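One structure is given here, and the rest of the page talks about it.
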Amino acid sequence: MTKLSVNVNKVATLRNARGGNNPNLLQVAKDCEKFGADGITVHPRPDERHIRYADVLALKPILTTEFNIEGYPSKEFIDLILKVKPHQVTLVPDAPNQITSNAGWDTITHQALLTELIETFRQAGIRTSIFIGTEIPLIEQAAKIGADRVELYTEPYAAHYAENREEAIAPFIKAAERVKELGMGLNAGHDLSLENLAYFHEQIPWVDEVSIGHAIICDALYMGLEKTIAAYQDCLK
Ligand code: PXP
């Protein structure tokens, strides 16, 4: 079964636009769970422009599904993870002021850093997922350094889906097969949507979890959150 983790960063962005507490992030996260999300993802950034560190602390005790925290492993981020102890941490190599993640880790260049982090989080009972592209040597290196899972960066798939979906998915199938052979878990995320998710899942049914934010919130403007989450879950059947 593929889990749907809803990234609620955009809800925090909307809230922060007016400085109050509308929409109420905690309520939205609980409602996502009620409407069928299998997990909640947040991506706190150093400038706290969407999810704040305080949001992460407040979410932990109220969530009943899987909590996934993604981000660049700054000292503050590592301290937050060790304090909150989510089910999963997803390490992302993004610079502090980046609009959104736009590449996976070079697991060869950064092997020392990643090895140490994976071990630190393992000792705290937290699963580590490494955000990564489809390059096979980088995936093999992720397995060597002990990553529990990798999250495939799906933006290139989404960008080429409309043009030629067979070509767009091909490198992801190869990468996902290698991940399976190496015994790691498999996540995927970035720019997945109602347009491209069902085909991704049909081609790679062993994906453990997809993490989706932007498109879910955009669709919810028209369909409402409950129907939107149900529609995404339908793509994963
Ligand atoms: N996975 C990672 C590592 C991300 O950084 C993001 C964006 O915050 C997502 C998944 C979700 O991407 P999207 O908002 O395009 O669904």
Starting from residues that are modelled with pLDDT of 95 or more and in a loop (DSSP other than H, G, I, E, B), keep the ones in region 1-19 and report whichever is nearest to the ligand (Cβ to nearest atom). 8
Show the residue pairs that are 6+ apart or on different chains and have beta-carbon atoms under 6 Å apart, the first residue being within region 109-129 and more than 17 Å from residue 143 (Cβ to Cβ), the second being outside any loop (DSSP other than H, G, I, E, B) and at pLDDT 95 or above. 124/82; 126/89
For the structure I just gave you, tell me whether residue 132 is within 14 Å of the chain's Cα centre (by Cα) and surrounded by 18 or more Cβ atoms within 10 Å (Cβ to Cβ). yes
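To keep it simple, each residue is scored yes or no on (1) within 19 Å of residue 124 (Cβ to Cβ); (2) of a type in the set (D, E, K, R).
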site: 27; (1), (2): no, no
site: 32; (1), (2): no, no
site: 40; (1), (2): no, no
site: 47; (1), (2): no, yes
site: 74; (1), (2): yes, no
site: 79; (1), (2): yes, yes
site: 93; (1), (2): no, no
site: 100; (1), (2): no, no
Pairs with Cβ under 6 Å, 6+ apart, first in region 43-66 and among the acidic types (Asp, Glu), second within 14 Å of the ligand (Cβ to nearest atom): 66/39
If we ask which residues in region 96-116 are more than 12 Å from the ligand (Cβ to nearest atom) and either closer than 19 Å to residue 154 by Cα or touching a helix residue (DSSP H, G or I) at 6+ places or on another chain (Cβ under 7 Å) (or both), their number turns out to be 4
Reported set for region 74-95 where residues are in contact (Cβ under 8 Å) with a residue 40 or more places away in the chain, among the hydrophobic types (A, V, I, L, M, F, W, C) and away from the ligand (no atom under 16 Å from the Cβ) is 78, 82
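The values are calculated or read from the model by the stated rules, or taken from the named source; none is laboratory data. Everything quoted here is computed from the prediction, not taken from an experiment. Every residue, glycine among them, receives a Cβ derived from its backbone with ideal geometry; neighbour counts consider all protein chains shown.
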